[in-house]
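In what follows, a structure is listed as structure tokens, so that the remarks can point back to it.
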Amino acid sequence: QQQQRVVVIFKVTDPSGHTHRIRCVPSRQKLLDTLLPKLDGNDDASLWSIHYFDDEGDEVLVTSDECLLEATELAKSKTTTNSKNNPIVKLTVARSTTAKKKNLLLEDPSMIQLATAIGSGVAVVALIGLAVTLRRR
């Protein structure tokens with residue numbers, strides 16, 4: 001609980017290569033609430049993913065407050081702090097690949113036609129089933 005009150009400096013690099021310096025508690029939602037208005041004016045958190053590099057050089061996806069706390073603890077262990085002893089955590093933010101795929105499927109005319117055809121087929125089969133059931137009575 002006490003760790004939640006520690007103010008952390010997040011240096012977040014966006015897809016354009018700009019670095020944003022954000023001071024807040026290690027909360028994924030609070031970080032996104034502060035960061036997203038600076039990114040294309042798009043406040044939809046589901047469109048973005050946050051990452052950091054761990055001590056082994058692996059890129060880690062931040063999906064929760066616990067992940068953000070791990071990144072903070074890692075920064076503390078590397079003695080990456082400012083003069084006030086606030087940890088400095090380096091993060092990157094990118095468009096979520098899941099959101100991209102979801103948007104592409106919804107925008108692709110051939111996918112819309114396919115979904116319409118499948119929906120129509122299901123409706124026809126349901127109507128045939130209903131007609132057969134009613135005739136048997």
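The values are calculated or read from the model by the stated rules, or taken from the named source; none is laboratory data. Quick caveat, the model's predicted, so the values are computed rather than measured. Heads up, the Cβs are rebuilt from the backbone with ideal geometry, glycines too, and the neighbour counts pull from every protein chain shown. The area values use the complete protein model at the heavy-atom level, side chains included, leaving out ligands, DNA and RNA. Shrake-Rupley method; radii C 1.70, N 1.55, O 1.52, S 1.80 Å.
Sorting the segments 85-97, 118-130, 58-70 by their residues' average number of neighbouring beta-carbon atoms within 10 angstrom, most packed first, yields 85-97, 58-70, 118-130.
In summary, the convex hull built on the alpha carbon positions of the range 8-95 has an orientation-averaged projected area of 5.3 nm². The label point for ALA94 and the one for HIS20, both projected 7 Å from the Cα toward the Cβ, are 1.8 nm apart. Per atom type, the range 8-95 shows carbon and sulfur on 45% of its accessible surface, probed at 1.4 Å. Under 5 Å from the amide H of VAL62 lie the amide H atoms of ILE50, HIS51, TYR52, each residue being 5 or more positions distant or on a separate chain, with H modelled from the backbone and absent for Pro and chain starts. Extension gain, GLN113 to THR13, is 32.1 nm, computed as 0.36 nm per intervening residue step minus the present C-alpha separation.
DSSP bridge analysis restricted to the range 8-95 gives an antiparallel fraction near 75%, rounded to the nearest 5. Note on HIS51 and THR133: the model spin-label points, each 7 Å out from Cα along the C-beta direction, lie 5.0 nm apart.
Take the Cα of ARG5, step 7 Å toward its Cβ, do the same at ASP40, and the gap between the two points is 3.9 nm.
Here's how it looks for SER96: its modeled amide H is under 5 Å from those of TRP48, SER49, which are all 5 or more places away or on a different chain.
Extension gain for VAL60-SER27 works out to 10.3 nm (0.36 nm per residue, less the C-alpha to C-alpha distance).
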